[in-house]
Amino acid sequence: MKKILHLVVFLLAGSIATHAQELVELKQPQSNKVVIKLMFRNGSVSDPAGKEGLTYATVNTVVEGGTKDKTAKEIQELIYPMAVNYSASVDKEVTVFTFQVHVDFLDKFYPVLRDLILSPAFAEDDFNSIKSNQENYVDQVIRASSDEDYSKMALEDLLFRGTNYQHMIQGTTSGVDHIALEDVKEHYKKYFTRKNLMIGIAGNYSPAFIAQLKKDMSGLPDTDPVIPKPGKANNPDGMNVEIISKENALGSAVFTGFPLDLTRSSDEFAALMVANSYLGEHRKSYGKLYDKIRTTRSMNYGDYSYIEWYKNGGSNMLPVPGVPRNSNYFSLWIRPVQVAEGLKKQYPELNSIETGHAHFALRLAIREIDEMIRNGISKEDFELTRQFLRSYNKLYIQTPERQLGFLMDSRFYGRKDYIQEMDALLAKLTLADVNKAIRKYWQTKNMFITIVTDDSEAGPLKKALEENRPSPMSYSNLVKTGLPKEVLDEDEKVANYKLNVKTVKIVSSKDTFKPPLKGF
Amino acid sequence: MRPRSLVFLVVLFSFLQEAAGQTATKKRILPFDIQQKKMTNGLNVVTVPFNSPGLAAFFIVVRAGSREEVEEGKTGFAHFFEHMMFRGTEKYPKELYGQVLKSIGASANANTFFDRTIYHMTGNATMLEKMFEIEGDRFQHLKYSEHDFKTEAGAVKGEYTKNSASPFQQLFEKILNTAFDKHTYKHTTMGFFKDVVDMPNQYDYSLLFFDRFYRPEYTTIVVVGDVKQEEVNSYADKYFGSWKRGTYAPVIETEPEQTGTRFAHVENPAFPPYISLNYKSPAFSDKDKDLPALDILTTLLFDQSGDLYQRLVVKEQKARSVSGGPFFARDPLLVNVAASVVKAEDMQYVKDEINKALENAKTIPLDPQKLADTKSNIKYSFAMQLDSPDQIANSLALYIWLTGNPESLNNYYSLYDKVTAEDIMAAAKKYFNNNSLTIATIGPGEVGNVK
């Protein structure tokens, strides 16, 4: 009876299923190390309203702190000669602890791993330091380090407003402020149990070791954590633009996106992967967006599109494991383009322009998607892009750590081996599948758009977007004189391309990430 | 090593640390055979077979970077030129080059730093010949229009623009400009913004740049993975055999000795306060013990179990992080010690505490166990990085650009074994000297206010 009641509560809470202590193994006897990953099916979605950032604070207090019988300093002293590498990553729906240790030290290090997970110290000092750094990040670092990351976080804030997906993993200023050490202890006990743990191990380990690890990890609480259902992205009505105004920004950093009801779980993902790669493969010069915005028009450093969350795109050339998500969205990343103030200073011939390049770049990107929806891609482009992806996907798993990570993510999506299965799906894909997926999943009428830009640009850009004014491309004479006619003709069309802009709001940098959250 | 806190994610010089550690064993640190063949035109071809079924990393290291930008107004040019290398040839115009690259399905890109430019492709080993063919073609027959040249300059400006949002990047530019007077390390690899804006006007100079540096004597090919040396060498002969030597050797001014502390500052009240002490460091050598001595010292000083970290970060919580290490560079550059500070008013205190630790290092010998542990840390950190062709090729590339010889990797690591506590004190005395110091700060005021 108790079980039935529990099930009812579970369903009422709209929770997602958890699976007790799954194991993913990747034996590599020739390796000189062992990689252990502990993936908990819980992430920032379980942060309580008003304490956004609690999961992040909890996990970092565990991983950067001590254990029941060793202080953090004693652990550091012990592992220093071993060069053990361990860390934890928190995402919306999963948390992954990763330990990498040389085989010479596996036995000596293992008790530290075990005790960190089973009996973390939760020392006051460790917690205070974590909390202070976390506050520092949400208050200052995110707003003042990379306008591109800032723009990306602001886009998620719009897409998921009012849901448990809205806030950054690191939380919000007021959320972090309200977290106490007791919350952290309680959160760990409640949401990190043997029932939502998946164990992964790769490298050169013995059967006895894995048996011990499994046995020890069953010492975690035996309770079923009630993980809230992940929030879904909001459907905007028209194009909703948020311009974040900053002092002394050299460029306009643009992100735009809309909800996408598709993940790696679906076989259609392979079809959309081809479409997306053709439009804007991450950090590759082959995409249409890159070709038209950067290569042909010299407007910025690169332009890409995404059909799932991509962590740290500025530094990662290939996607990383450990960030699987159920709530998905499509996005475009237009790297910073010039603002009017800068262009005027650099080129006298542009001294009368009112806005920089953001409006034109946005129009061009949207038009490319519309072209794909209207016309599909060609047979030739389909074949070439598929060929690329079938080779390129294998590069995601070059190291044992990555290979293990992708296998574990596969389980999240109900797959066994995502890389292999995608390859098989790509192999049997047809052009019709790709063009059908484009029409089914992509649209440009309703999107959220975030632009981090200089305060001198914000006002004129707002006006231009609101009024759907033509945005002729303002080239310097140096570039303009050599442009072929077809580019200039296309520019004309782009400059007058109608966007379905409904609202444009300017937000000061200090007021971002602050909207009231509705109850989850 | 534990994960670093959030603020560390963007810490200046962070990527240097991957090179800045490492090791010492009696045997060679790299557990793989480095097979080299010097071709008659001067091109060095390096093969490292590695167990990675179906996968190969193909790297081309050109020993020309921002260090070679000796002419006034040409800063950032090596990096700009790296961009131009993707603009095609007669045989493979840029669209076709892009299609071929795409068909290879490789992860391919390039990057430029002070002393070198690296072009890399990692992908299907069965496509190795195609990789050689397209690279051999563009390295010898690059051809772009003046319009393409001017257009690409906009992308470089875009790169500067996106980087410039980071206060660390702004500070780094100022540190170099302040610490150096004559040597080309005065400017970053991106170059000064005024030169970046002027790039479209430098078409003729770009032809000269290609003619000077894209020559076999400046270049090494490294192939790691599921390959055989005979196969690699035969492709090198076929696709790079007719490449002609050049004649140019740049004259890079020696930096005069610095004679007093200098200051660099970025005013930013909306960013965590930050202090960085930058001392002139030794040039890389695989024979001299100064660099490994500094590396051991900084690894130990800033480790999280160390006294300095424990006091400033853990107990007093005046700093969020302390970190540091020497640059690995062909000429003397900088050894850096930095801290992210909690409150701006504590910057002087944090600086004084770091200074005390550096002063102590000059006179108090390291505990022998700590010294041994640090060498072990460095050795195992390196050993654990060697699990893909890409990582191994990257490790080799570092030593190739530093000395031209990949064996320098093994030679350099063997030096760590020889470093004694006395060597470390001597290095601390020699390099942590206020006359060669540049104090750099990010803070709320117009000036740093740190002495």
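No lab work stands behind these numbers, since they all come straight from the coordinates. What you see is a predicted model, and the numbers here were worked out from it, not measured in a lab. Positions of Cβ are backbone-derived with ideal geometry, glycine not excepted, and every protein chain shown enters the neighbour counts.
Values as computed for the structure displayed
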item	result
For the protein assembly as shown, size of Cβ-based charge dipole, Lys and Arg +1, Asp and Glu -1, in debye	1520 debye
Inverse of mean 1/r across different Cα pairs in the stretch B:35-240, Kirkwood, Å	17.9 Å
Cα gyration tensor category, rounded, prolate or oblate, for the stretch A:264-329 with a/c compared to 1.5	oblate
A:Met422, A:Met273 arranged by Cβ crowding within 10 Å, fewest neighbours leading	A:Met422, A:Met273
Protection proxy ranking of B:333-341, A:113-121 - average other beta-carbon atoms within 10 Å, highest first	B:333-341, A:113-121
Total charge dipole magnitude, chain A, about the Cα centre, Cβ charges on Lys, Arg, Asp, Glu only, Debye to nearest 20	1180 debye
Inverse mean reciprocal Cα-Cα distance (Kirkwood Rh) of the stretch A:411-453, Å	13.5 Å
Sparse-neighbourhood loop sites, GluC sites (Glu not before Pro) in the stretch A:455-520 - DSSP loop, at most 14 other Cβ within 10 angstrom	A:Glu467
Shielding score for A:127-133, defined as the mean number of other chain Cβ atoms within 10 Å	4
Across A:Lys311/B:Lys379; B:Lys91/B:Lys238; A:Lys462/A:Lys505; A:Lys344/A:Lys480; A:Lys195/A:Lys215, pairs whose alpha-carbon gap is larger than 18 Å	A:Lys311/B:Lys379
Globularity index of the protein assembly as shown, i.e. its alpha-carbon radius of gyration over 2.2 N^0.38 Å	0.91
Calculated P(r) tail over 22 Å for the stretch A:2-217, as whole % of Cα pairs	55 percent
Isotropic mean projected area of the C-alpha convex hull, chain B (nm²)	21.0 nm²
Binned Cα-Cα distance frequencies in chain A - 20 Å width, integer %	21, 51, 25, 2
Nearest-0.05 FRET efficiency for B:Thr363 and B:Asp417, computed from C-beta distance (R0 35 Å)	0.90
Loop-resident sites, the stretch A:94-150, for GluC sites (Glu not before Pro), counting at most 12 other Cβ within 10 Å (DSSP)	none
Sorted by Cβ density within 10 Å, fewest first, the residues A:Thr58, A:Thr399	A:Thr399, A:Thr58
Peptide A:66-79 - average C-beta neighbours from other chains (10 Å radius)	3
Largest-first ellipsoid semi-axes for the stretch A:280-407, taking √(5λ) over the Cα gyration tensor eigenvalues, angstrom	32, 19, 13
For the stretch A:2-217, with +1 on Lys and Arg beta carbons and -1 on Asp and Glu, the positive-most of A:Ala57, A:Phe122, A:Val112 along the dipole	A:Val112
Shape call, the stretch B:17-122: gyration tensor on alpha carbons, a/c limit 1.5	oblate
Estimated dipole of the stretch B:35-240 in Debye, rounded to 20 [Cβ of Lys and Arg +1, of Asp and Glu -1, Cα centre]	260 debye
Sparsely packed trypsin sites (Lys or Arg not before Pro) within the stretch B:281-322, loop by DSSP, other Cβ within 10 Å at most 12	B:Lys287
Other protein chain Cβ atoms within 10 Å, averaged over every residue that makes up B:376-388	6
